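These notes concern the structure reproduced below.
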Amino acid sequence: MNTEFKIIVCPNDEKIKILENLNKNSALYNVKFMSKEEFIKNYFFDYTVDTIYYLMDKYKFNLDVCKVYLKNMLVIDVSKEYESIKLNFLKDLKKELISKNLLKVNLFFREYIKNKKIEVRNYFDLDKYEEEALNYKVEIPISKINADVYECSGIEDEVNFVALKIIELLNNGIDINKISLANVSSDYYYILDKVFSYYNIPINIDFKDSIYNTLIVKEFLNNYEIDLEDKNKSIVNRKLINIVSSLSSIDQSTDIYRKLLIDKLKNTYFSPVKLTNAVNIRDLNTYSFSDDEYVFVLGFNQDSLPRMHKDIEYITDSIKSEVSMYDVSYLNKRGKDTVIYLLSRIKNLFLSYKLSTPFQSFYRSSLINDLGLKVIKPEIDNYKYSNLYNMLRLGEKLDKFYLFGEKDSSLEALNTHYSIPYKIYTNKFTGIDKNLYLNSISKPIKLSYTSLNSFNECGFKYYINYVLKLDDYTDSFASFIGSMYHEILTLYRNNNFDFEYEFKKYLEKRNLSLKEKLFLVKIEADLIELIEVIKKQNMLTGFNDEEYERRCEVSLSDEVKFIGFIDKIMYYKKANDTYFSIVDYKTGTIDTHIEPIKYGLHMQLPTYLYLINKSHVFDSPIFTGIYYQNILFNYPTWSSKYESEKKDRYKLKGYSTDDTLILERFDPTIENSELIKSMKYDDIKGFSRYSKVMDKVMVDELVDYTEKTIKKGMSDIMDAKFNINPKVYDKDNVSCKFCKFSDLCFMKEKDLNYLDKVDDLSFLGGDY
């Protein structure tokens, strides 16, 4: 046993190799392993989420900026006065964090390593302050590369070339575990996975799948609900519990908490399943290859090997002389020497580069000319190794020939050897197994106006959105404003309502740009005005009872529920009867026409009417009105018509009962309504031609028709009828113009369903 204690600072790959060798030799050594990152954190300092929170909360730094500042603080001496404003800023910030105990300093580490032997292995990119901490100087021996370089036209050709070379090695008896790839960026992952599968070459690829993209995490982000005591759930749950626990010191209600949470989720990955017999991807900088290993170095391109540093960091070359950091020219010179040295250590070396990917062009590494390396353009002949890949290549080359007139040299040979079904693609949705579909989805199925409208617009849109759930919600500024309006309009009738407080509280949920802040000045004024308008409307109406964000639910079957949330219900109770009006808030353009309900379109107000009648919100509901109310007024203040337009803009738009007694209770001004747009009534002439009114028969028929439409949609959804069938109504493609999935369906003209414009409501069954 070697009793001399030493600290070996090395990457994990090197640590595993050392331990394997010690195990082979049955040797015992008194050794402590540390990574460079671990050593540096102990030597200088580490930080926690509390540190980040403090900086984000006090100084309003974004998360990435906080990380940059903390990284650069490693070189800052708090006792020194710097010439640079940047460095003094970091110094003051570091002193502040120390005073708040927000930097974790290991007070004993420097004493612990004193007089101990520190051995540094496989770290060639140390900065000056790291070298000083480790008491180690990176010295790169002068070296020479002994290998040819293979030029490939594209990234797939390069991967294909490597795959064919690997097959040759395997056919010659080389152990697959002795074959590695290096310098593999994420650009290569998909291509490697695809091409190697064609040749049945097993390969370990770390795809870096983040848990952030899982359904469990998406659902958690909606409500923050998780069982912290249950440690025996899925891998995602366990990782999620650990993340939530690590943020326990941060207030969940803050926007900063959410940003820290999302950052951790995005940077938490699944551990990939490792194949025991497979080609492996190694880090050229940290892995020591033995002489019996065969190494394919891909992407031998400029700015990749060697990677070039640029003077764009926070601490630039102009001020690095004040701290222990190397300038860019030194790092680039050492980086170049390092690449040469690392490649020279590999006995069985294959170098290749690409000239292009589908999205960009590339140059070969400058080292090729500097070192006088021989460049070979390989002839790729893979006919005998993968029939599937050859057929795919034939399809690609036929595409180039028919679309661009490009005749590849191998096209004729491939066309002679293989026959493929070419140009027979159809975008038609071939369907899914109904039983498999029903067994795989959660029960009960929860339908809503939004989901049913999506289905009625296009079955395939519903399938993508609600079955495959590919629609990733984007928190846009517009949706942020819309949600703010809804929330404040729900709260304003509380006795202790404080507009300024609620407005500012809501704004804390989002980091706003300067442009957005300027826009919010007008928004704030408009919202105050809107609240005053609604207050006047409430004083005017005799319907003094209200409910906001009312959840309504109807069971359509044992397996399906129909659910809706109504923005506002205004009602008046008389004996056992409840007279009600529905108000739905709108921030955009309002179209009150309900005629398209014939095709299951524009059903929002009829749907809410159906829910009130069928969900037992009230014991005996009696229709008074269904309305939209515009809550976002966008009209030039300089216009002479501003005041009149504003007054008209905020009026309720929709359909009212023709029962004047109850309608007068709801709106005492029906002679020339101040509450309902276009509502005019004369005791002699009756309602004006522009007044939209419905009698009880029409209301009942509208509810019945809505119910039939909902149940028809439910039945088709349960039958998995998800065809590509977008609708064109009155020359307007209502299905596709705002669809996020147009790149998936490849919709053709023949897929369109042209619907005749409906000018009356006779289809309901009555006389209209």
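The values are calculated or read from the model by the stated rules, or taken from the named source; none is laboratory data. Please read all numbers here as calculations on a predicted model, not as lab measurements. A quick note on method: Cβ atoms are made from the backbone with ideal geometry, for glycine too, and the neighbour counts reach across all protein chains shown.
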Check your understanding: Mind checking which pairs have a first residue in segment 397-410 that is within 20 Å of PRO378 (Cβ to Cβ) and a second that is surrounded by 13 or more Cβ atoms within 10 Å (Cβ to Cβ) and basic (Lys, Arg), Cβ under 8 Å, 6 or more apart or different chains?
Key -> ASP408/LYS397; ASP408/LYS400; SER410/ARG393; SER410/LYS397
Point to revise | Pairs with Cβ under 6 Å, 6+ apart, first in segment 715-744 and small (Gly, Ala, Ser) and surrounded by 17 or more Cβ atoms within 10 Å (Cβ to Cβ), second at pLDDT 90 or above and part of a loop (DSSP other than H, G, I, E, B) | key: SER735/CYS458; SER735/PRO726
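Right, LEU398: closer than 30 Å to SER153 by Cα, in contact with a helix residue (DSSP H, G or I) (Cβ under 6 Å, 6 or more places away or on another chain) and either of a type in the set (A, V, I, L, M, F, W, C) or exposed (fewer than 11 other Cβ atoms within 10 Å of the Cβ) (or both) or not?
So LEU398 fails the test.
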Check your understanding: Only one residue in SER197, SER185 is farther than 22 Å from ASP283 by Cα and among the hydroxyl-bearing types (Ser, Thr, Tyr), so which one is that?
Key -> SER197
**Study point:** Unique residue being in a helix (DSSP H, G or I), in contact with a helix residue (DSSP H, G or I) (Cβ under 6 Å, 6 or more places away or on another chain), over 30 Å from SER656 (Cβ atoms) and modelled with pLDDT under 85 when the list is GLU502, GLU516
**Key:** GLU516
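Quick check: anything in segment 458-476 farther than 26 Å from THR214 by Cα, under 28 Å from the mean Cα position of the chain (by Cα) and not assigned by TED's automatic domain parsing to the domain that holds ASN222?
Within segment 458-476 (the criterion being farther than 26 Å from THR214 by Cα, under 28 Å from the mean Cα position of the chain (by Cα) and not assigned by TED's automatic domain parsing to the domain that holds ASN222), the answer is yes, since at least one residue qualifies.
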Point to revise | Pairs, first in the same structural domain as SER246 (by TED's automatic domain parsing) in segment 52-66, second modelled with pLDDT under 95 and assigned to a helix (DSSP H, G or I), C-beta under 9 Å, six or more apart | key: none
Exercise for review: For residues that are part of a loop (DSSP other than H, G, I, E, B) and among the acidic types (Asp, Glu), scanning just segment 120-137, find the one that is surrounded by the fewest Cβ atoms within 10 Å (Cβ to Cβ).
Suggested key: ASP125
Exercise for review: For segment 81-107, name all the residues that are farther than 27 Å from THR254 by Cα and touching a residue at least 12 places away in the same chain (Cβ under 8 Å).
Suggested key: TYR82, GLU83, SER84, LYS86, LEU87, LYS91, VAL105, ASN106
**Study point:** Failed criterion for ILE98 (all others in (1) crowded, with 18+ Cβ neighbours inside 10 Å; (2) assigned to a helix (DSSP H, G or I); (3) more than 35 Å from the chain's Cα centre (by Cα) hold)
**Key:** (1)
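Part of a loop (DSSP other than H, G, I, E, B) and of a type in the set (Asp, Glu): does that describe GLU396? Walk me through it before giving the result.
Details: part of a loop (DSSP other than H, G, I, E, B): no; of a type in the set (Asp, Glu): yes.
No.
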Check your understanding: Can LEU452 be described as farther than 26 Å from LYS727 by Cα and not in a loop (DSSP other than H, G, I, E, B)?
Key -> no
Practice item. Restricting attention to segment 574-617, report how many residues are hydroxyl-bearing (Ser, Thr, Tyr) and over 38 Å from the mean Cα position of the chain (by Cα). Key: 3
Review point. Mind checking whether some residue in segment 96-108 is assigned by TED's automatic domain parsing to the domain that holds LYS58 and more than 23 Å from ASP46 (Cβ to Cβ)?
Key: no
Review point. Within the bounds of segment 633-650, is there any residue that is surrounded by fewer than 16 Cβ atoms within 10 Å (Cβ to Cβ), modelled with pLDDT under 95 and on the phi > 0 side of the Ramachandran plot?
Key: no
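Is it true that ILE612 is surrounded by 19 or more Cβ atoms within 10 Å (Cβ to Cβ) and closer than 23 Å to SER673 by Cα?
Considered against the rule, which asks whether it is surrounded by 19 or more Cβ atoms within 10 Å (Cβ to Cβ) and closer than 23 Å to SER673 by Cα, ILE612 comes out as no.
Hey, among THR578, THR592, THR607, which residue is assigned by TED's automatic domain parsing to the domain that holds ASN456, assigned to a loop (DSSP other than H, G, I, E, B) and hydroxyl-bearing (Ser, Thr, Tyr)?
THR592
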Review point. Just to be sure, is LYS461 basic (Lys, Arg) and in contact with a helix residue (DSSP H, G or I) (Cβ under 6 Å, 6 or more places away or on another chain)?
Key: yes
Review point. Between a first residue in segment 152-169 that is of a type in the set (Phe, Trp, Tyr) and a second residue that is not in a helix (DSSP H, G or I), which pairs have beta carbons less than 8 Å apart while being 6 or more apart in sequence or on different chains?
Key: PHE161/TYR150; PHE161/CYS152; PHE161/SER352; PHE161/PRO378; PHE161/ILE380
Check your understanding: So, of the residues in segment 754-768 that are at pLDDT 90 or above and surrounded by fewer than 16 Cβ atoms within 10 Å (Cβ to Cβ), which turns out to be nearest to PHE460 (Cα to Cα)?
Key -> TYR754
**Study point:** Residues of segment 479-518 that turn out to be touching a residue at least 12 places away in the same chain (Cβ under 8 Å) and either within 16 Å of THR587 (Cβ to Cβ) or touching a Leu at 6+ places or on another chain (Cβ under 9 Å) (or both), as a count
**Key:** 16
Practice item. Check segment 14-27 and report whether any residue there is surrounded by 12 or more Cβ atoms within 10 Å (Cβ to Cβ), aliphatic (A, V, I, L, M) and either at pLDDT 95 or above or assigned to a strand (DSSP E or B) (or both). Key: no
Check your understanding: Quick one: in segment 658-686, which of the residues that are without any contact (Cβ under 8 Å) to a residue 40 or more places away in the chain and among the hydrophobic types (A, V, I, L, M, F, W, C) is surrounded by the fewest Cβ atoms within 10 Å (Cβ to Cβ)?
Key -> ILE684
Review point. When you go through (1) in contact with a Ser or Thr (Cβ under 6 Å, 6 or more places away or on another chain); (2) touching a residue at least 60 places away in the same chain (Cβ under 8 Å); (3) surrounded by fewer than 19 Cβ atoms within 10 Å (Cβ to Cβ) one by one for GLU701, which number turns out not to apply?
Key: (1)
Practice item. Report, by residue number, each residue of segment 28-40 that is assigned to a helix (DSSP H, G or I) and in contact with a strand residue (DSSP E or B) (Cβ under 8 Å, 6 or more places away or on another chain). Key: LYS36, PHE39
Exercise for review: Give segment 566-583 a look and list any residue that's touching a residue at least 40 places away in the same chain (Cβ under 8 Å) and surrounded by fewer than 18 Cβ atoms within 10 Å (Cβ to Cβ), or say none.
Suggested key: ASN576, ASP577
